[in-house]
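Below you'll find the structure, written out as structure tokens, and then a few comments.
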Amino acid sequence: MTDDASSAPARDLDALRSWHADWRGLRVAVLGLSVTGFSAADTLAELGAEVLVVTESASEEYARLVPVIGARLWEGPLSSAPQELVDFAPEVVIASPGFAPHHPVIEWVRAQGIALWGDIELAWRVRDKVVRADGTPAEWVLITGTNGKTTTTQLTAAMLVAGGLRAAPVGNIGVPVLDAVRDPAGFDALVVELSSHQLWYLSLAEGPGALSPHASVCLNLADDHLEWHGSARAYRDAKAVVYRNTRVACVYNKADAATREMVEEAEVVEGCRAIGFDLGVPGPSDMGVVDGILVDRAFLEDRRTSALELTTVADLAARGLAAPHIVANILAAAALARSLEVAPEAVARALAGFRLDPHRIEIVAVAAGVTWIDDSKATNPHAAASSLAAFPGAVWIVGGQLKGVDIADLVAARGGAVKAAIVIGVERTGIVEAFGRHAPAIPLFEVDHAQTEDVMAEVVALAAEIARDGDVVLLAPAAASFDQFASYADRGTRFARAVQERFGGDAEE
């Protein structure tokens, strides 16, 4: 520790809750130098803080830019806190969400009693750099859940824009929220997708001025990222943080008791309402479906006896949006948008122009009467269960990096209804054993190619032998992709390419 650092008076961090506060000279270490880490370092440098970026590796572009913005860069192994970080004596550490609670540097930070923030906490503190005409910052809407976060975030933002608001989808969706709060164009609302990792860091920040969103939702809860959090309970508790201090609407999934319990336990601002959604007939203060019509019984004056039409299942089907889990996402997004007084007509307009991202129940081809569907984004059992429910009797392509999650429950619940299963991944034993216990009558095929380039060609060849006219071949792996592919997108793209290469001109996209 340097003499200057050790003799400096402790900064009152509670006073740093505005862009216009005095951040000059605050010593901040930023852990990680990806998109999130760089946005944090850039923001802090602009505020006048003294910034040290600590990372195991950095792209050439970011390494070049760090000194340009006025920050310092340390690059090397992080099996323990590096001496340069110790000597820097940070007053605040901002960690990128990839740093798990048990990471040795995070453990060192907490043992030293140093304030530990994520990028979301920093963004909330400086959200008043750009304000609306009335002098207030953009409203925040928070979205999390094991599955459906990105689609719901995109839907909500689209509905807000259709309703005449300047809105942007940010956060875990890929656009750092720190970039949005500094955008000189300004926004009326930010729709913030939050991972459980970001929410864990947010859970550490309490006290006056803590993040207080306009509305929030946890779409669903199932085991995921257990290796990061350490237990299912810790994962659940991180997700529950999304509801803390919500001011207007806590939106929850009536079909998922865990989300209702989160709302019941949440410390919210007085007057905040609980708004439920599911695919059934809604009660007052709910969103739901009546005779094939999506309706709002929450945001109207006479909600005891009336409902407002948003769209129909038939209209959604015409746009490829009628899978049950997608309809649920639409209802959640509509609740969030309606909490900001977006008209039902604007919700319908947004849906008319909405398209799902690639690799989300995407039909990549129809050949010889067989429909080939890429849902590579189904990276955990909960997501795969939704896909299997939408396409019963499919030839199921399953497997990959399971992230510490047991797939047996999914196989027990859904595996017996598939036509056949094709198992991919470096480690397939757990999936094969689950089928042996819970669905032994289902034909099972393993693809054991070590080369990424060969995997999907073999998968498609096997599936083509099994599937018949009217069948669906469904890539819904229930696992991450990193054991064999660069990403879920790479996995899905290779699957679609293999289908096209096999069927050529006979495939209809």
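The values are calculated or read from the model by the stated rules, or taken from the named source; none is laboratory data. None of these values were measured; they are calculated from a predicted model. Cβ coordinates were reconstructed from backbone atoms using ideal geometry, including for glycine residues, and neighbour counts include every protein chain displayed.
Counting only residues that are assigned to a strand (DSSP E or B) and of a type outside the set (D, E, K, R), how many does the range 72-114 have? Before the answer, list the steps.
Looking only at the range 72-114, we keep the residues that are assigned to a strand (DSSP E or B), and these are 72-75, 92-95.
When the remaining residues are screened for being of a type outside the set (D, E, K, R), the result is 73-74, 92-95.
Within the range 72-114, residues that are assigned to a strand (DSSP E or B) and of a type outside the set (D, E, K, R) number 6.
I'm trying to understand the selection: among the residues of the range 336-359, which are of a type in the set (D, E, K, R), surrounded by fewer than 24 Cβ atoms within 10 Å (Cβ to Cβ) and either touching a Gly at 6+ places or on another chain (Cβ under 9 Å) or not in a loop (DSSP other than H, G, I, E, B) (or both)? Let's see the steps before the verdict.
From the range 336-359, those of a type in the set (D, E, K, R) are 338, 341, 345, 349, 355, 357; that's our starting set.
If we keep only those that are surrounded by fewer than 24 Cβ atoms within 10 Å (Cβ to Cβ) as well, we get 341, 345, 349, 355, 357.
Selection gives GLU341, GLU345, ARG349, ARG355.
Suppose the filter is touching a residue at least 12 places away in the same chain (Cβ under 8 Å), β-branched (Val, Ile, Thr) and touching a Ser or Thr at 6+ places or on another chain (Cβ under 8 Å); does VAL161 pass it?
no
Among the residues in the range 127-134, are any over 16 Å from GLY37 (Cα atoms) and in contact with a Ser or Thr (Cβ under 7 Å, 6 or more places away or on another chain)?
Within the range 127-134, the subset over 16 Å from GLY37 (Cα atoms) is 127-134.
So of that shortlist, the ones also in contact with a Ser or Thr (Cβ under 7 Å, 6 or more places away or on another chain) come out as 128.
Yes, the range 127-134 contains at least one residue that is over 16 Å from GLY37 (Cα atoms) and in contact with a Ser or Thr (Cβ under 7 Å, 6 or more places away or on another chain).
Tell me which residues, restricted to the range 48-64, are surrounded by fewer than 20 Cβ atoms within 10 Å (Cβ to Cβ) and closer than 18 Å to ARG182 by Cα.
Residue satisfying the conditions is GLY48 alone.
I'd like to know if the range 84-93 contains one or more residues that are at pLDDT below 95 and under 19 Å from SER203 (Cβ atoms).
Residues of the range 84-93 at pLDDT below 95: none.
No, because not a single residue in the range 84-93 is at pLDDT below 95 and under 19 Å from SER203 (Cβ atoms).
Among the residues of the range 131-146, is any at pLDDT 95 or above, farther than 23 Å from VAL181 by Cα and outside any helix (DSSP H, G or I)?
Looking through the range 131-146, at least one residue is at pLDDT 95 or above, farther than 23 Å from VAL181 by Cα and outside any helix (DSSP H, G or I).
Yes/no matrix, rows are residues, columns are (1) among the β-branched types (Val, Ile, Thr); (2) more than 22 Å from VAL217 (Cβ to Cβ); (3) touching a Cys at 6+ places or on another chain (Cβ under 9 Å); (4) not assigned by TED's automatic domain parsing to the domain that holds LYS403:
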{"residue": "ALA335", "(1), (2), (3), (4)": "no, no, no, yes"}
{"residue": "ALA348", "(1), (2), (3), (4)": "no, no, no, yes"}
{"residue": "ASP357", "(1), (2), (3), (4)": "no, no, no, yes"}
{"residue": "GLY369", "(1), (2), (3), (4)": "no, yes, no, no"}
{"residue": "ALA378", "(1), (2), (3), (4)": "no, no, no, no"}
{"residue": "HIS382", "(1), (2), (3), (4)": "no, no, no, no"}
{"residue": "SER387", "(1), (2), (3), (4)": "no, no, no, no"}
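Can you say whether SER196 is among the small types (Gly, Ala, Ser), buried (at least 22 other Cβ atoms within 10 Å of the Cβ), within 18 Å of the chain's Cα centre (by Cα) and outside the structural domain of HIS20 (by TED's automatic domain parsing), as far as the supplied structure shows?
On the way: among the small types (Gly, Ala, Ser): yes; buried (at least 22 other Cβ atoms within 10 Å of the Cβ): yes; within 18 Å of the chain's Cα centre (by Cα): yes; outside the structural domain of HIS20 (by TED's automatic domain parsing): yes.
So SER196 passes the test.
If the requirement is being assigned to a loop (DSSP other than H, G, I, E, B) and either outside the structural domain of PHE99 (by TED's automatic domain parsing) or out of contact with any Cys (no Cβ under 8 Å at 6 or more places or on another chain) (or both), which of these qualifies: VAL191, VAL175? Working first, answer last.
Working: VAL191 fails: assigned to a loop (DSSP other than H, G, I, E, B).
Just a single option satisfies the conditions, and that option is VAL175.
Could you run through the range 367-385 and say how many residues are hydrophobic (A, V, I, L, M, F, W, C), closer than 18 Å to MET456 by Cβ and not in a loop (DSSP other than H, G, I, E, B)? I'd like the intermediate steps shown before the answer.
Pass one, the range 367-385, residues hydrophobic (A, V, I, L, M, F, W, C): 367-368, 370, 372-373, 378, 383-385.
With the extra rule that they be closer than 18 Å to MET456 by Cβ, the set shrinks to 367, 370, 372-373, 378, 384.
Imposing the further condition that a residue be not in a loop (DSSP other than H, G, I, E, B) reduces the set to 367, 370, 372-373, 384.
Of the residues in that region, 5 qualify.
For the subset of the range 285-296 comprising residues that are among the β-branched types (Val, Ile, Thr) and surrounded by 17 or more Cβ atoms within 10 Å (Cβ to Cβ), which member is nearest to SER387 (Cα to Cα)?
Of the residues in the range 285-296, the ones among the β-branched types (Val, Ile, Thr) are 289-290, 293, 295.
The next check asks that each one be surrounded by 17 or more Cβ atoms within 10 Å (Cβ to Cβ); those that pass are 289, 295.
Working: VAL289: 20, VAL295: 24 Å.
Selected residue: VAL289.
If ALA41 satisfies all but one of (1) loosely packed, with under 13 Cβ neighbours inside 10 Å; (2) modelled with pLDDT of 95 or more, what's the number of the condition it fails?
So the condition that ALA41 fails would be (1).
For ASN220, all conditions in the list (1) at pLDDT below 95; (2) in a loop (DSSP other than H, G, I, E, B) hold save one; what is the number of the exception?
In the conditions (1) at pLDDT below 95; (2) in a loop (DSSP other than H, G, I, E, B), ASN220 misses (1) alone.
If a residue has to be under 28 Å from ARG236 (Cβ atoms) and surrounded by fewer than 24 Cβ atoms within 10 Å (Cβ to Cβ) to count, how many in the range 147-168 make the cut?
Here the count works out to 3.
Note down all Cβ pairs under 6 Å where the first residue falls in the range 469-494 and is in the same structural domain as LEU410 (by TED's automatic domain parsing), the second is surrounded by fewer than 24 Cβ atoms within 10 Å (Cβ to Cβ) and among the basic types (Lys, Arg), and they're at least six residues apart or on different chains.
Pairs that qualify, where the first residue is in the same structural domain as LEU410 (by TED's automatic domain parsing) and the partner is surrounded by fewer than 24 Cβ atoms within 10 Å (Cβ to Cβ) and among the basic types (Lys, Arg), are ALA480/LYS403.
Name the residues in the range 199-217 that are in a helix (DSSP H, G or I) and in contact with a strand residue (DSSP E or B) (Cβ under 9 Å, 6 or more places away or on another chain), would you?
Residues of the range 199-217 in a helix (DSSP H, G or I): 199-203.
Listed by number, the residues that qualify are LEU199, TYR201, LEU202.
Test of understanding: among ALA389, ALA365, ALA420, which residue is closer than 21 Å to GLY492 by Cα and surrounded by fewer than 19 Cβ atoms within 10 Å (Cβ to Cβ)?
Details: ALA365 fails: surrounded by fewer than 19 Cβ atoms within 10 Å (Cβ to Cβ); ALA420 fails: surrounded by fewer than 19 Cβ atoms within 10 Å (Cβ to Cβ).
The conditions single out ALA389.
Counting only residues that are surrounded by fewer than 22 Cβ atoms within 10 Å (Cβ to Cβ) and β-branched (Val, Ile, Thr), which one in the range 110-141 is nearest to SER203 (Cα to Cα)?
ILE114
Residue pairs, Cβ under 8 Å, 6 or more apart or interchain, first in the range 75-86 and farther than 22 Å from SER59 by Cβ, second of a type in the set (A, V, I, L, M) and in a loop (DSSP other than H, G, I, E, B). List them.
VAL86/MET1
Examine the range 495-508 for a residue that is in contact (Cβ under 8 Å) with a residue 60 or more places away in the chain, in a strand (DSSP E or B) and surrounded by fewer than 20 Cβ atoms within 10 Å (Cβ to Cβ), and state whether such a residue exists.
Looking for residues that are in contact (Cβ under 8 Å) with a residue 60 or more places away in the chain, in a strand (DSSP E or B) and surrounded by fewer than 20 Cβ atoms within 10 Å (Cβ to Cβ), one finds at least one in the range 495-508, hence yes.
What's the number of the only condition in (1) modelled with pLDDT of 95 or more; (2) out of contact with any Pro (no Cβ under 8 Å at 6 or more places or on another chain); (3) farther than 24 Å from THR146 by Cα that ILE431 fails to meet?
Only one criterion is unmet by ILE431, namely (3).
Can MET262 be described as more than 23 Å from PRO344 (Cβ to Cβ), at pLDDT 95 or above and in a helix (DSSP H, G or I)? Talk me through it step by step, then tell me what you get.
Values: more than 23 Å from PRO344 (Cβ to Cβ): yes; at pLDDT 95 or above: yes; in a helix (DSSP H, G or I): yes.
Answer is yes for this residue.
Conditions (1) surrounded by 15 or more Cβ atoms within 10 Å (Cβ to Cβ); (2) touching a residue at least 12 places away in the same chain (Cβ under 8 Å); (3) β-branched (Val, Ile, Thr), marked per residue:
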{"residue": "GLY283", "(1), (2), (3)": "no, yes, no"}
{"residue": "ALA298", "(1), (2), (3)": "yes, yes, no"}
{"residue": "GLU309", "(1), (2), (3)": "no, yes, no"}
{"residue": "THR312", "(1), (2), (3)": "yes, yes, yes"}
{"residue": "ALA317", "(1), (2), (3)": "no, no, no"}
{"residue": "ALA322", "(1), (2), (3)": "yes, no, no"}
{"residue": "VAL327", "(1), (2), (3)": "yes, yes, yes"}
{"residue": "ALA334", "(1), (2), (3)": "yes, yes, no"}
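How many residues does the range 445-463 hold that are polar (S, T, N, Q) and outside any helix (DSSP H, G or I)? Quick ask: steps written out before the conclusion?
Applying the first criterion (polar (S, T, N, Q)) to the range 445-463 yields 451-452.
Cutting the leftovers down to outside any helix (DSSP H, G or I) gives us 451.
Residues in the range 445-463 being polar (S, T, N, Q) and outside any helix (DSSP H, G or I): 1 in total.
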